[in-house]
Amino acid sequence: MQWNVYLSGEIHSDWRDLIDEAVNAATLPIYLTAPITNHQDSDNCGVHLLGDEGNPFWKDHKAAKINGIRVKKLIQQADVVVVRFGDKYRQWNAAFDAGYAAALGKSIIVIHDPELSHALKEVDAMAAAVVQEPEQVVEVLRYLITGELD
């Protein structure tokens, strides 16, 4: 059985690549999906596809609605949703994704540094697992899929 795992959250580090490489190295039957991670494309898709806006609010609104189609579909299809919170930027979209996944009854794995534990306590409370490193995500997934500890 193939598992669908959606990787939500911060886009300013290589954490998705680390998970992808570890999943492939372990030959786990996992299909990884993610939001659009090219920041410029994500921010500008609305005006690029639907026309310019004079107000930045409407520019962002168009992009969020278009990107939301992808995010909603991929979270709905996911067996597990992984949400990464970084310390450089506030990821309101990641918090929303975690809440949406929880509302759908999806299993959630949250990644963040210990310093963010207090700020993310409600998100952590909804998660099946809270980890600090991408490699830990893969170890949890390996255990779930194989039923064995290394």
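The values are calculated or read from the model by the stated rules, or taken from the named source; none is laboratory data. A quick note: this is a predicted structure, and the numbers were derived from the prediction, not measured. Here Cβ is always computed from backbone atoms with ideal geometry, including for glycine, and neighbour counts include all displayed protein chains. Areas reflect the complete protein model, heavy atoms only, side chains present, ligands, DNA and RNA absent. Shrake-Rupley method; radii C 1.70, N 1.55, O 1.52, S 1.80 Å.
Looking at the stretch 103-130, I want the residues that are free of Cβ contacts under 8 Å to residues at least 24 places away in the same chain and have a partner that is open to solvent by 20 Å² or more (accessible area, probe 1.4 Å) and among the hydrophobic types (A, V, I, L, M, F, W, C) with Cβ atoms under 7 Å, at least 6 apart or on another chain. Which pairs are those?
Asp124/Val130; Ala129/Val140
Looking at this structure, is Ala103 in contact with a helix residue (DSSP H, G or I) (Cβ under 9 Å, 6 or more places away or on another chain) and on the phi < 0 side of the Ramachandran plot?
Details: in contact with a helix residue (DSSP H, G or I) (Cβ under 9 Å, 6 or more places away or on another chain): no; on the phi < 0 side of the Ramachandran plot: yes.
Taking the combined requirement at face value, the residue does not satisfy it.
Filter the stretch 131-141 down to the residues that are in contact (Cβ under 8 Å) with a residue 24 or more places away in the chain and open to solvent by 20 Å² or more (accessible area, probe 1.4 Å), then identify the one that is nearest to Leu28 (Cα to Cα). Spell out the reasoning first.
Here is the first cut: in the stretch 131-141, the ones in contact (Cβ under 8 Å) with a residue 24 or more places away in the chain are 134-138, 140-141.
From what's left, open to solvent by 20 Å² or more (accessible area, probe 1.4 Å): 135-136, 140.
Details: Glu135: 13, Gln136: 14, Val140: 12 Å.
Per the criteria, the residue is Val140.
Considering each of Ala125, Ala103, Ala63 in turn, give the residue that is farther than 16 Å from Gly9 by Cα and open to solvent by 80 Å² or more (accessible area, probe 1.4 Å).
After applying the criteria, what remains is Ala103.
Is it the case that the stretch 12-21 has a residue that's under 20 Å from Gln76 (Cα atoms), open to solvent by 60 Å² or more (accessible area, probe 1.4 Å) and either of a type in the set (Phe, Trp, Tyr) or modelled with pLDDT of 95 or more (or both)?
no
Any residue in the stretch 27-54 that is open to solvent by less than 90 Å² (accessible area, probe 1.4 Å) sitting within a Cβ distance under 8 Å of a residue that is of a type in the set (S, T, N, Q) and part of a strand (DSSP E or B)? List the pairs, counting only those 6 or more apart or interchain.
That search, which allows pairs on different chains as well, returns Ile30/Asn4; Thr33/Asn4; Ala34/Ser8; Pro35/Ser8.
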